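Report on the following structure.
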Amino acid sequence: MKTTKEKKETSTVEELRQIRDKIGSEIKDMTYDQLKEYINSKLSLHNSSVWPKGVE
């Protein structure tokens with residue numbers, strides 16, 4: 001008799017909640033200036049020259 005392994009798939013909502021919780025724990029004790037720096041560092045990950053708007 002063969003056994004099958006079921007791969008647990010997470011839904012998009014669950015993934016978004018995990019991301020939200022991770023970010024929340026990273027920024028929970030930050031000052032306003034630290035928060036600005038954190039956001040600017042994350043925004044630089046999505047370079048606009050690599051992902052220009054309106055390209056079809």
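Read the figures in this text as sums done on the coordinates, not as results from a lab. Because the structure is a prediction, the values reported are computed rather than measured. Every residue, glycine as well, gets a Cβ built from its backbone with ideal geometry; the counts of neighbours run over all protein chains shown.
Numbers below:
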quantity: Set of the range 8-22 residues, backbone N closer than 14 Å to the point 7 Å along the Cα-Cβ line of Lys42; calculated: 16-22
quantity: Residues Lys8 and Lys28, FRET efficiency given R0 of 25 Å [Cβ-Cβ distance, rounded to 0.05]; calculated: 0.30
